Structures are given as structure tokens and as C-alpha cells.
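Comments concern the structure below.
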Amino acid sequence: KSQTEYFRQLDKALKLIPGKLKVAAHAVYLDCEEEKADRNQIEPKHFVRWTEFAKERQMGLDFNPTYFSHKNSEDGFTLSSGDPSIREFWIEHGKRCRRIGEYFGKETGTLCITNHWIPDGYKDITVDKLSPRQRLRESLDAIFKEKLDDAYCKDSLESKLFGLGSESYVTGSHEFYTNYCTETKNAMLCMDAGHFHPTESVAAKISSYIVFGQELMLHVSRPVRWDSDHVVIVDEETMAIMEEIVRCDALERVHIGLDFFDASIRRDKATAIGGRAAKTALLKALLQPADLLRQAEYTGDYTKRLALLEEIKLLPYGFVWEMFCEQNNCPLSIC
């Protein structure tokens with residue numbers, strides 16, 4: 001009953017977001033009405049309802065293993081646990097999730113990105129920072145050993161600065177995953193806008209990966225107080241992220257996902273507000289006169305560059321957005 005209600009609300013939200021769509025599912029969102037399945041037992045058959053929902057709406061699916069909220073993650077460690085049996089449990093979960101991602105991709109005909117995030121870390125002063133990372137590397141190697149059809153599925157690894165219960169040490173740090181992805185080519189890096197120090201900018205990091213030909217997965221969020229996942233709006237960081245993707249000509253190499261929630265407002269409207277905001281920011285970035293801006297920069301006319309950056313803030317983006325909504329039979333307002 002709860003899953004039926006979720007799909008109903010999701011459908012309402014998607015009808016308010018114009019253009020092509022994609023939805024990310026978590027491993028805990030399985031359909032287990034007929035039989036129970038633990039995390040290391042899930043199979044594509046537990047997610048048939050998701051593929052049916054997506055195919056009916058001609059959209060794609062992404063997938064997320066759920067390495068948390070389980071008895072085997074209660075000590076704060078999963079893939080980097082010192083207990084071999086715990087590691088094996090989560091390794092099997094990761095393997096099965098990758099196969100489900102491939103299933104999603106083949107069923108929908110759209111690339112599915114399976115994004116891996118783990119909560120592993122220590123709350124207080126950590127002495128041995130190396131061993132958990134060695135174990136994590138070995139676990140990831142085991143998960144990615146099976147070669148799947150990359151025309152339909154790819155993997156990403158999501159880093160974090162710290163989290164509740166792991167304020168002093170996080171095994172899967174930005175530096176760890178950057179090196180792992182670069183060396184092994186097993187997965188692409190995923191950067192979440194709320195997973196860094198408040199003064200860091202995800203937008204500022206993008207070009208450093210694009211210059212080396214790497215693919216990226218992004219989780220666009222709104223970290224009002226660090227990783228608070230407020231509903232995405234057209235704020236400065238969201239605009240900066242979209243502008244950087246466009247200015248780097250990286251639309252084919254950067255995958256944009258959203259990561260937010262707010263239980264204080266209606267779930268369907270929250271989803272629609274965030275989805276529309278992300279597309280609005282991307283639209284504004286695409287409409288900016290990038291060539292004029294580059295020309296001013298290349299010729300050293302920084303006065304003109306600054307003037308143009310200010311003037312484009314007043315461009316009539318809203319008219320183009322309204323036309324985009326009308327072309328996609330989408331309401332101009334969600335209210």
C-alpha cells in the first residue's frame with residue numbers, strides 16, 4: 001500500500017517537470033510483497049514494478065545500493081569493516097545491485113548509473129586511517145570484478161567529508177575515490193553538493209576531472225547547514241554547477257542527479273520544485289552567451305567580462321522557460 005502511494009505521488013510530481021526524466025531508486029525500495037529478501041539476496045525480479053513504471057513513461061532509471069540502516073551496518077562500517085563476514089555481506093549486496101542496474105538499463109534502453117555510498121568511519125580521533133581504506137579498496141575490486149554491459153550500466157562512487165557518527169574519519173573520502181576511479185577505471189566519481197566543507201564549491205572541481213577526460217556523476221543538493229539536503233532551488237551554487245558543465249562543454253560527460261528531501265512540505269510538490277529548479281538553472285546556463293564571455297577573457301578585457309556577467313543576469317530567461325513548459329504540455333506553475 002505504501003509503495004502504491006509512493007508511485008502515485010511520484011507520478012504527480014513527474015507530470016510537473018518538463019522535458020526528459022529519470023528517477024533513481026534505492027535498494028530498499030524493492031517490491032517484496034510476495035517474498036522477503038535481505039540486501040544480499042535482492043534480484044531484478046524484486047524491481048519489476050520500477051521498470052514497468054519507467055517504461056510506461058518512457059524514462060530511465062538509476063540505482064543506489066543501500067549500505068546503511070541494517071543490522072550489518074550498526075557498528076558504522078560496511079565495505080571497510082574489520083569483520084570479513086560483514087564485508088562479504090555488503091560485497092554481495094554491491095554485486096547484486098550492479099546486476100539490477102544492468103537490468104534497469106536494458107529494460108528501459110537508457111544508461112543506468114549505480115551509485116555506491118557507504119557510511120563507514122569513526123566518530124572520534126582515529127589512529128589507523130590506512131587499514132580501513134585498504135579493505136575498502138579490496139571490497140570495491142571484488143564488487144567490480146564482474147564485467148557488465150557498459151552500454152546499459154555504469155557505476156559511480158560517492159564521497160563525503162564527514163557524517164553523523166563519523167565526524168573524525170570517513171573511509172570513502174573524496175581523495176580516496178578520486179584515486180580509485182582514476183587508477184582502476186571501475187567507476188566514475190560522484191560529487192554531492194552537500195558533502196564538502198561549506199566553503200568548497202563542487203562547480204570549481206568539475207573542470208579538473210573533465211580535463212583528464214573523466215566522466216562525473218553529480219548529486220545536486222542544497223546544503224543550508226552542510227549536508228541538510230534542502231529542496232534544490234536556483235541558488236548560486238546550483239547555477240555555478242550548471243554554468244561550469246556548459247562552459248566545459250561537458251554535457252555528455254557529466255551526469256546530473258538530484259539528492260534532496262523535505263518532510264515539512266508535500267512530497268510530490270517538493271520533488272517538482274527541485275526538479276524544475278535544476279532544469280531552470282541548466283536552461284539559464286545554456287542560454288548565456290558563452291562565446292562572448294570567452295572572447296572578453298581571451299583578449300584580457302576583464303572589464304567587459306564582468307559587465308557581461310552582470311548584464312546576463314537580466315536576460316528574459318523566463319520567456320524561454322515558459323515556452324519549454326508549453327512544448328512539453330507542462331503547467332507553467334505547480335501551485
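Quickly run through region 137-165 and pick out the residues that are outside any loop (DSSP other than H, G, I, E, B) and more than 21 Å from the chain's Cα centre (by Cα).
Kept after step one, since they are outside any loop (DSSP other than H, G, I, E, B), are these residues of region 137-165: 137-143, 153-158, 163.
Hits for region 137-165 are R137, E138, S139, D141, A142.
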Pull out all pairs, ordered by first then second residue, where Cβ-Cβ is under 6 Å, the residues are six or more apart or on different chains, the first lies in region 125-147 and is within 11 Å of I91 (Cβ to Cβ), and the second is among the polar types (S, T, N, Q) and open to solvent by 30 Å² or more (accessible area, probe 1.4 Å). F144/N186
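A quick yes/no check of all residues on (1) out of contact with any Phe, Trp or Tyr (no Cβ under 6 Å at 6 or more places or on another chain); (2) open to solvent by 20 Å² or more (accessible area, probe 1.4 Å):
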{"site": "H116", "(1), (2)": "yes, no"}
{"site": "P132", "(1), (2)": "yes, no"}
{"site": "Y152", "(1), (2)": "yes, yes"}
{"site": "S156", "(1), (2)": "yes, no"}
{"site": "L164", "(1), (2)": "yes, yes"}
{"site": "Y169", "(1), (2)": "no, no"}
{"site": "E175", "(1), (2)": "yes, yes"}
Mind listing whichever residues of region 244-258 are farther than 14 Å from L21 by Cα, open to solvent by 40 Å² or more (accessible area, probe 1.4 Å) and touching a residue at least 24 places away in the same chain (Cβ under 8 Å)? E244, R247, R253
Residues located in region 77-110, provided they are open to solvent by 30 Å² or more (accessible area, probe 1.4 Å), touching a strand residue (DSSP E or B) at 6+ places or on another chain (Cβ under 9 Å) and in a loop (DSSP other than H, G, I, E, B): G109, T110
What is the residue count in region 296-333 for residues that are of a type in the set (S, T, Y) and either loosely packed, with under 10 Cβ neighbours inside 10 Å or touching a residue at least 40 places away in the same chain (Cβ under 8 Å) (or both)? 3
Scanning region 187-200 for residues that are buried (at least 16 other Cβ atoms within 10 Å of the Cβ) and either part of a strand (DSSP E or B) or over 12 Å from the mean Cα position of the chain (by Cα) (or both) gives A187, M188, L189, C190, M191, D192, F196
So A37 clears everything in (1) assigned to a loop (DSSP other than H, G, I, E, B); (2) buried (at least 17 other Cβ atoms within 10 Å of the Cβ) except one condition, right? Which one? (2)
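The values are calculated or read from the model by the stated rules, or taken from the named source; none is laboratory data. Note that this is a predicted model, so its numbers are computed, not measured. Backbone-built Cβ (ideal geometry, glycine too); neighbour counts: all protein chains shown. Surface accessibility is based on the protein's heavy atoms, side chains included, excluding ligands, DNA and RNA. Shrake-Rupley method; radii C 1.70, N 1.55, O 1.52, S 1.80 Å.
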